[in-house]
1. Decide, for segment 130-206, between rounded, prolate and oblate: order the square roots of the alpha carbon gyration tensor eigenvalues as a ≥ b ≥ c, take rounded if a/c falls under 1.5, and otherwise choose prolate if a/b is larger than b/c, else oblate.
2. Based on other C-beta atoms within 10 Å, arrange 6, 52 from fewest to most.
3. For segment 4-122, calculate the relative contact order in percent as a whole number, restricting contacts to Cα pairs under 8 Å that are 6 or more residues apart.
4. Which one, 202, 99, 29, projects farthest toward the positive side of the charge dipole computed for the chain from Cβ point charges (K/R +1, D/E -1)?
5. Taking the C-alpha atoms of segment 145-189, how large are the radius of gyration and the largest Cα-Cα span, Dmax, in Å?
6. As a test of the formula, what do you get for the chain when each DSSP H run with n ≥ 4 contributes -39,500 (n - 2.57) and the sum is divided by the residue count, at 222 nm and rounded to the nearest 500 deg cm²/dmol?
7. Treating only the Cβ of Lys, Arg, Asp and Glu as charged (+1, +1, -1, -1), what charge dipole size does the chain show about its Cα centre? Round to the nearest 20 debye.
8. Give me the extension gain from residue 165 to residue 80: residue separation times 0.36 nm, minus the current Cα-Cα distance, reported in nm with one decimal.
Amino acid sequence: MADVWTLVHAERAALIDDLERLDEHQWGLPSLCPDWTVHDVVAHLVDTARTTRLGFLVGMARARFDFDRQNARGVERERRASPRETLEELRRVASRTSGPPAPLDTRLVEEVVHGEDIRRPLGLTRSYPLETVVRALRLQARTPASFGGAKEIVARVRLTAADTDVSIGEGPDVTGSALSLLLAVSGRRVALGDLDGPGVGMLAPAV
């Protein structure tokens with residue numbers, strides 16, 4: 001398997017390339033993240049790229065262990081006056097190898113899911129390396145919802161990737177691309193329309 005940071009850096013570079021082509025209007029469009037624009041998500045990615053283990057713990061304490069509050073503060077801190085300035089900050093941190101005290105594959109979840117939070121509303125597509133997506137999907141499948149994962153969802157359905165030899169969980173089948181499965185178990189309802197199988201109805205209420 002490739003080193004996780006090699007995969008993360010490839011995703012950051014690909015996103016920067018896409019962002020360079022956006023106009024001011026596109027930066028202000030709503031992303032798939034509730035209440036966040038495209039610009040906000042990019043600021044969040046800058047913040048998470050700068051995060052260190054100690055910095056994460058300090059930030060959580062200051063946010064009274066409210067993860068959403070900590071994220072909002074990070075966006076406010078890293079969102080520059082103009083999209084181009086925020087993009088330049090993302091370019092500066094693109095090669096960093098720091099992160100919160102969590103499994104390294106969370107960085108893959110972060111880059112792919114937030115990459116789609118930005119690209120899908122803009123009508124942009126990316127052919128993600130399957131290894132990157134599958135590693136992110138497997139991590140989400142074994143991570144409890146309290147930590148942003150989908151362990152409880154996978155306990156009642158079987159996720160079957162149509163584009164690679166991956167099947168996770170037990171129960172009624174949910175079939176689709178590995179990317180669509182990852183987005184669905186990461187709470188992105190837009191991906192439900194990409195999925196088939198008797199388990200989709202059981203998955204939908206949790207998304």
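Taken together, the values in this text are just the output of simple stated rules run on the coordinates, not laboratory data. Nothing here was measured: the structure is a model prediction, and the numbers come from that model. Every residue, glycine as well, gets a Cβ built from its backbone with ideal geometry; the counts of neighbours run over all protein chains shown.
1. rounded
2. 6, 52
3. 42
4. 99
5. 10.0, 29
6. -16000 deg cm²/dmol
7. Its charge dipole is roughly 660 debye.
8. Length gained, residue 165 through residue 80: 26.4 nm.
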